[in-house]
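Below: one structure, written as structure tokens.
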Amino acid sequence: MNKGWVIIAILSIMLIAGCAKQQGAQPPVQNSGTPPPAAQPAPVDEGIQAIDDAVTALDDLEDNGSAAVTIALIAQQFKFEPSTITVKKGTKVTLKITSLDVPHGFSIADFNVDAQLQPGATQDVSFVADKAGTFTFRCNLYCGEGHSGMQGTLVVEP
């Protein structure tokens with residue numbers, strides 16, 4: 001569906017909902033002799049948040065219609081959290097990887113991903129999950145005695 005039509009539809013719904021709220025308001029008092037109270041700014045409507053959420057969801061679509069996802073990943077001796085990541089085939093994946101303790105590496109050989117992670121810093125790693133299957137990601141920079149077991153699983157669903 002065209003992004004523009006979705007936004008127009010959401011805004012139309014919000015306009016209709018706003019008009020319905022207005023009809024329930026009490027009419028102003030006529031000729032009371034006192035000036036009407038100063039207008040108060042309207043509270044932020046939950047609908048505005050719904051529009052923001054919808055626009056964010058639309059922004060998550062790439063121009064080719066495939067989805068994009070951002071996932072926070074923690075690296076620390078001798079594990080990744082989460083240890084399993086699941087995405088749909090064709091998804092643009094951005095991993096925001098933070099090393100909590102020592103320098104680590106991060107690689108997913110099947111997607112040509114290779115990054116060096118510095119302690120306390122967050123590194124963005126992006127790739128397109130263009131193959132379905134189960135793939136291993138691992139630390140590829142020696143980080144201590146448990147280094148060889150520091151790995152996780154990327155599941156790319158069809």
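Mean projected area of the Cα convex hull of the range 68-157, taken over all directions, amounts to 4.7 nm².
The length gained by stretching the chain between residue 76 and residue 128 to full extension, at 0.36 nm per residue less their Cα-Cα distance, is 16.2 nm. Simple spin-label estimate for residue 86 and residue 114 gives 3.1 nm between the two label positions (7 Å along the Cα-to-Cβ direction from each Cα). Each Lys or Arg adds one and each Asp or Glu subtracts one; over the other residues with Cβ under 9 Å from the Cβ of residue 158, this totals +1.
Values quoted throughout were computed directly from the atomic coordinates according to the rules given, and no laboratory measurement underlies them. Nothing here was measured: the structure is a model prediction, and the numbers come from that model. Glycine gets a Cβ as well: all are built from the backbone with ideal geometry, and neighbour counts include every protein chain shown.
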